[in-house]
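The values are calculated or read from the model by the stated rules, or taken from the named source; none is laboratory data. Only a predicted model underlies this, so the values are computations on that prediction, with no experimental measurement involved. When we count neighbours, we look across all protein chains shown, and the Cβ atoms used for this are built from the backbone with ideal geometry, even at glycine.
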Amino acid sequence: MDSEEERFREFLSSRGLKYTTERQAVFNRVFENHRHFEADELLVDLRLNDIKVSKATIYRSLALLVKSGLLREVISGERHTHYEHVHGHEHHDHLVCDKCGKIIEFFEERIEDLQDEVCKKNKFVPKSHRLQIQGFCEDCTIKPDKKARK
């Protein structure tokens, strides 16, 4: 985590921003966590642990962490934006259940190869990508009633 913290300090410094105790508290909580989270969940977590950081500071700090490349926005839209930190996570994509909000991480080499092929064909140099498929998880999919078929 030290190298990520140093990268964040350097990122802030390059923009004339300070690494305040509030930003440090947000940074520490984000990197202690290895799951997807929302800004409001982070706010509650900090407050439950008697760490005083304003909601605005949390949102600004998360935006800075995303810009620095240390944090990734996973899901946004009708549901709130979810985040995950990049450190310790291999590249993966997401299946997102529209009903319960469950997030399933997956990696499929064939998809990655196809994306590389498309970039090469179009003489495009990729920097990053985000694939997110919306739908319904197994638990939320309506299953036909076996008794009704008889």
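Checking every residue in the range 67-85 against the condition of being part of a helix (DSSP H, G or I), assigned by TED's automatic domain parsing to the domain that holds E4 and at pLDDT 85 or above gives at least one match. Taking every residue in the range 10-29 that is at negative phi and pairing it with any residue that is surrounded by 13 or more Cβ atoms within 10 Å (Cβ to Cβ) and of a type in the set (S, T, N, Q), at least 6 positions away or on another chain, the pairs with Cβ-Cβ distances below 7 Å are F11/S68; E22/T57; R23/S61; V26/S61. Do you know which residues across the range 25-40 are at pLDDT 85 or above and out of contact with any strand residue (DSSP E or B) (no Cβ under 7 Å at 6 or more places or on another chain)? Of everything in the range 25-40, those that are at pLDDT 85 or above and out of contact with any strand residue (DSSP E or B) (no Cβ under 7 Å at 6 or more places or on another chain) turn out to be A25, V26, F27, N28, R29, E32, A39, D40.
Residues that are farther than 24 Å from E105 by Cα, touching a Gly at 6+ places or on another chain (Cβ under 9 Å) and of a type in the set (K, R): does the range 43-55 have at least one? Within the range 43-55 (the criterion being farther than 24 Å from E105 by Cα, touching a Gly at 6+ places or on another chain (Cβ under 9 Å) and of a type in the set (K, R)), the answer is no, since none of the residues qualifies.
Evaluate the range 43-57: report whether one residue or more is part of a helix (DSSP H, G or I) and either polar (S, T, N, Q) or closer than 19 Å to S128 by Cα (or both). Yes, because at least one residue in the range 43-57 is part of a helix (DSSP H, G or I) and either polar (S, T, N, Q) or closer than 19 Å to S128 by Cα (or both). If you go through the range 1-28 and keep only what is exposed (fewer than 15 other Cβ atoms within 10 Å of the Cβ), more than 16 Å from V86 (Cα to Cα) and not aliphatic (A, V, I, L, M), you end up with E10, S13, S14, R15, G16, K18, T20, T21. A search for C-beta distances below 7 Å between a residue of the range 115-142 that is exposed (fewer than 11 other Cβ atoms within 10 Å of the Cβ) and any residue that is of a type in the set (A, V, I, L, M, F, W, C) and in a loop (DSSP other than H, G, I, E, B), counting only pairs 6+ apart in sequence or on different chains, returns D139/C100.
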